[in-house]
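Q: Below: one structure in structure tokens.
The values are calculated or read from the model by the stated rules, or taken from the named source; none is laboratory data. Not measured: the values here are computed from a predicted model. Here the Cβ positions follow ideal geometry from the backbone for every residue, glycine too, while neighbour counts run over all protein chains shown. The area values use the complete protein model at the heavy-atom level, side chains included, leaving out ligands, DNA and RNA. Shrake-Rupley method; radii C 1.70, N 1.55, O 1.52, S 1.80 Å.
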Amino acid sequence: MTAPDDLVADLQAILDRSAPPGTGAACRRIDRDDAAMLLDAEAAVLTTAVPAARRASGAARTAARRLLARFAAAEDPILRTPAGAPVWPTGFVGSLAHDDTVAIAVVGRSEVAAGLGVDVEPAEPLPADVADLVVLPGDVVADPTDPLSSRLVFVAKEAVYKAVHPLCGLVLDWPDITVDLVAGRAVTATGHVAELFVTRAPRLVAMARVAPNGG
Ligand SMILES: CC(C)(COP(=O)(O)OP(=O)(O)OC[C@H]1O[C@@H](n2cnc3c(N)ncnc32)[C@H](O)[C@@H]1OP(=O)(O)O)[C@@H](O)C(=O)NCCC(=O)NCCS
């Protein structure tokens, strides 16, 4: 089993290679004290009181701040819309994701993306009943016999949702997003097109980029 520090180092190396061009992606191990990494304004807008969720949000925002500093962006708090989407400094877009162990952020300037999304999932097969809801006719996977193929579709659709929801304000369901993991592309029922950047070790991570012209 990969120790958390190794996992984060491995994941960061993969994110450095696979982030959408012109964007940055960073990960951070979720530490016991990471709720304290939330700025006061961020802590105030989080709706959850669950300590693990607040730690994960603090870790994700810490990773995002690292990226924003790289872009010399203002150190504004990363607040949330009522729908839960992160609010980025003017001129930037981005996305956050976390599991029990790691938090991931992807950030870029608005000139390179109208929307960015990221999702992380364990590299484990999806239960069959969930897979039946997620993977639909029209979705294309590289190898249908790959036990991870359904969860790759899952992680890709969630990343696309996070990139597109802030643009349209609509809740999309699984059939509203069609992914082609061979072409690295997704289309939504709202007419948005996203490029996909999917990795599978040590976690399944998908990043989605909607181009500034909407696709
Ligand atoms: C957004 C959603 C996909 C997040 O998934 P999750 O597995 O609960 O949580 P993740 O760790 O992957 O991501 C959490 C982050 O998503 C981001 N997020 C939440 N709602 C969002 C939205 N509407 N748009 C963009 N990003 C959003 C937040 O930054 C959040 O981090 P924070 O709580 O620290 O601020 C999910 O909660 C949701 O709203 N689903 C409804 C739509 C849906 O599931 N459709 C079918 C799949 S496409």
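Q: Give the residues of segment 9-41 that are in contact with a helix residue (DSSP H, G or I) (Cβ under 9 Å, 6 or more places away or on another chain) and part of a helix (DSSP H, G or I), sorted by residue number.
A: Selection gives D34, A35, A36, M37.
Q: Shifting gears a bit: Has segment 117-132 got any residue that is more than 9 Å from the ligand (Cβ to nearest atom), touching a helix residue (DSSP H, G or I) at 6+ places or on another chain (Cβ under 7 Å) and in contact (Cβ under 8 Å) with a residue 40 or more places away in the chain?
A: no
Q: What tally of residues in segment 188-215 results from selecting those that are more than 12 Å from the ligand (Cβ to nearest atom) and touching an Asp or Glu at 6+ places or on another chain (Cβ under 7 Å)?
A: Of the residues in segment 188-215, 3 are more than 12 Å from the ligand (Cβ to nearest atom) and touching an Asp or Glu at 6+ places or on another chain (Cβ under 7 Å).
Q: Then there's this: Considering each residue of segment 161-209, count those that are modelled with pLDDT of 95 or more, more than 16 Å from P86 (Cα to Cα) and among the hydrophobic types (A, V, I, L, M, F, W, C), and give that number.
A: Residues flagged as modelled with pLDDT of 95 or more, more than 16 Å from P86 (Cα to Cα) and among the hydrophobic types (A, V, I, L, M, F, W, C) within segment 161-209 amount to 18.
Q: What number of residues within segment 53-73 are open to solvent by 20 Å² or more (accessible area, probe 1.4 Å) and in contact with a helix residue (DSSP H, G or I) (Cβ under 7 Å, 6 or more places away or on another chain)?
A: Number satisfying all stated conditions: 3.
Q: Among the candidates D40, D76, which residue alone is out of contact with any strand residue (DSSP E or B) (no Cβ under 7 Å at 6 or more places or on another chain) and either at pLDDT below 95 or closer than 23 Å to V205 by Cβ (or both)?
A: Just one listed residue meets the conditions, D76.
Q: Looking at D10, D76, D40, can you tell me which residue is exposed (fewer than 15 other Cβ atoms within 10 Å of the Cβ) and of a type outside the set (S, T, N, Q)?
A: One residue alone meets the criteria, D40.
Q: Among the residues of segment 141-173 satisfying the criterion of being part of a loop (DSSP other than H, G, I, E, B) and within 20 Å of G115 (Cα to Cα), which is most open to solvent (accessible area, probe 1.4 Å)? Break it down stepwise before answering.
A: Filtering segment 141-173 for residues part of a loop (DSSP other than H, G, I, E, B) gives 141-148, 169-173.
Restricting the remaining residues to those that are within 20 Å of G115 (Cα to Cα) gives 169-173.
Details: G169: 53, L170: 91, V171: 118, L172: 26, D173: 87 Å².
Filtering first and then ranking leaves V171.
Q: Identify all residues within segment 189-215 that are of a type in the set (S, T, Y) and either open to solvent by 50 Å² or more (accessible area, probe 1.4 Å) or farther than 18 Å from V141 by Cβ (or both); write none if there are none.
A: Taking segment 189-215 as the starting set, the residues that turn out to be of a type in the set (S, T, Y) are 190, 199.
Hit for segment 189-215 is T190, nothing else.
Q: Moving on. Within segment 74-101, track down each residue that is within 10 Å of the ligand (Cβ to nearest atom) and of a type in the set (V, I, T).
A: I78, T81, V87
Q: Does R185 satisfy the criteria of being assigned by TED's automatic domain parsing to the domain that holds E124, within 12 Å of the ligand (Cβ to nearest atom) and closer than 28 Å to Q12 by Cβ?
A: Numbers: assigned by TED's automatic domain parsing to the domain that holds E124: yes; within 12 Å of the ligand (Cβ to nearest atom): no; closer than 28 Å to Q12 by Cβ: yes.
No; evaluated as a whole, the condition is false for this residue.
Q: When both residues are 6+ apart or on different chains and their Cβ atoms are under 7 Å apart, which pairs have a first residue that lies in segment 168-185 and is more than 17 Å from R209 (Cα to Cα), and a second that is open to solvent by 90 Å² or more (accessible area, probe 1.4 Å)?
A: W174/L133
Q: Still on this model: Restricting to segment 54-96, count the residues that are within 20 Å of A208 (Cα to Cα) and part of a strand (DSSP E or B).
A: Here the count works out to 8.
Q: Of all residues in segment 102-114, which are more than 15 Å from A206 (Cβ to Cβ) and within 10 Å of the ligand (Cβ to nearest atom)?
A: Of everything in segment 102-114, just one residue is more than 15 Å from A206 (Cβ to Cβ) and within 10 Å of the ligand (Cβ to nearest atom), namely A103.
Q: Select from segment 94-139 the residues that are in contact with a Gly (Cβ under 7 Å, 6 or more places away or on another chain), within 22 Å of V179 (Cα to Cα) and open to solvent by 20 Å² or more (accessible area, probe 1.4 Å) and list them in ascending order.
A: Listed by number, the residues that qualify are V112, A114.
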